[in-house]
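Chemist: Here's a structure for you.
The values are calculated or read from the model by the stated rules, or taken from the named source; none is laboratory data. As the structure is a prediction and not an experimental result, all values here were calculated from the model. When we count neighbours, we look across all protein chains shown, and the Cβ atoms used for this are built from the backbone with ideal geometry, even at glycine.
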Amino acid sequence: MAVEVVAVHKDVIVINLDKLGSLGGIKDQYQSRCDYLVLCQASRNAKAVFVELKKTLSQKKKGLEQLRSASPYLSFLTELSRVVGPADEQVPRISVRHVLIGSRVAPMLDKRRLSDSQVLPDKTHRGITVRRLVGERLRFSKLVGPF
């Protein structure tokens, strides 16, 4: 699946976690991770958005688990920036969001009309809240939320 994101802020980094590869010291259960990590900063606010792409949004838990198990990668990158970054520069506090995007909704999930056809109600899964979006073209603000 491919998603086009429009109206993107200028200070955005997108990391394809599949291309990042495995990290030594991370348990095997965490090696199944989401597709992307989007990092963005506006003034002093920083956000990390874990993104998993699925063809169809359904009741299956695999996409939710992939989002949940990706957090060690943000921890690794944060620690790396502390080690290799300027000593006098403080790493900003990062708020984290998890987003599951599908190009369509499974019939089982599509039982009620929604006011915004691209946004399903958030789902809580094992301690994380996952925003579920539908579509192949999304505004950046839907992905990361307001700053």
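Chemist: Among the residues that make up the range 116-133, is at least one of them surrounded by fewer than 18 Cβ atoms within 10 Å (Cβ to Cβ), at pLDDT 85 or above, farther than 27 Å from LEU23 by Cβ and not basic (Lys, Arg)?
Modeler: Yes.
Chemist: Here is a follow-up. Working only within the range 48-74, note down all residues that are assigned to a strand (DSSP E or B) and either modelled with pLDDT under 90 or under 12 Å from VAL99 (Cα atoms) (or both).
Modeler: ALA48, VAL49, PHE50, VAL51, GLU52, LEU53, LYS54, LEU57
Chemist: Just to be sure I understand, how many residues within the range 51-91 are among the hydrophobic types (A, V, I, L, M, F, W, C) and out of contact with any Phe, Trp or Tyr (no Cβ under 9 Å at 6 or more places or on another chain)?
Modeler: So in the range 51-91, the residues among the hydrophobic types (A, V, I, L, M, F, W, C) come out as 51, 53, 57, 64, 67, 70, 74, 76-77, 80, 83-84, 87, 91.
So of that shortlist, the ones also out of contact with any Phe, Trp or Tyr (no Cβ under 9 Å at 6 or more places or on another chain) come out as 57, 64, 76-77, 80, 83-84, 87, 91.
Residues meeting the conditions: 9.
Chemist: So, one more: Being in contact (Cβ under 8 Å) with a residue 12 or more places away in the chain and either over 20 Å from VAL3 (Cβ atoms) or of a type in the set (Lys, Arg) (or both) is the filter here; which residues of the range 44-61 pass it?
Modeler: First pass over the range 44-61, keeping only residues in contact (Cβ under 8 Å) with a residue 12 or more places away in the chain: 44-59, 61.
Result: ARG44, ASN45, ALA46, LYS47, LYS54, LYS55, GLN59, LYS61.
Chemist: Where the second residue is among the small types (Gly, Ala, Ser) and in a helix (DSSP H, G or I) and the first is within 16 Å of SER22 (Cα to Cα) and lies in the range 63-85, which pairs have Cβ atoms under 6 Å and are six or more apart or on separate chains?
Modeler: Nothing qualifies.
Chemist: Look through the range 47-87, keep the residues that are touching a strand residue (DSSP E or B) at 6+ places or on another chain (Cβ under 9 Å) and among the β-branched types (Val, Ile, Thr), and return whichever of them is farthest from VAL14 (Cα to Cα).
Modeler: It comes out as THR56.
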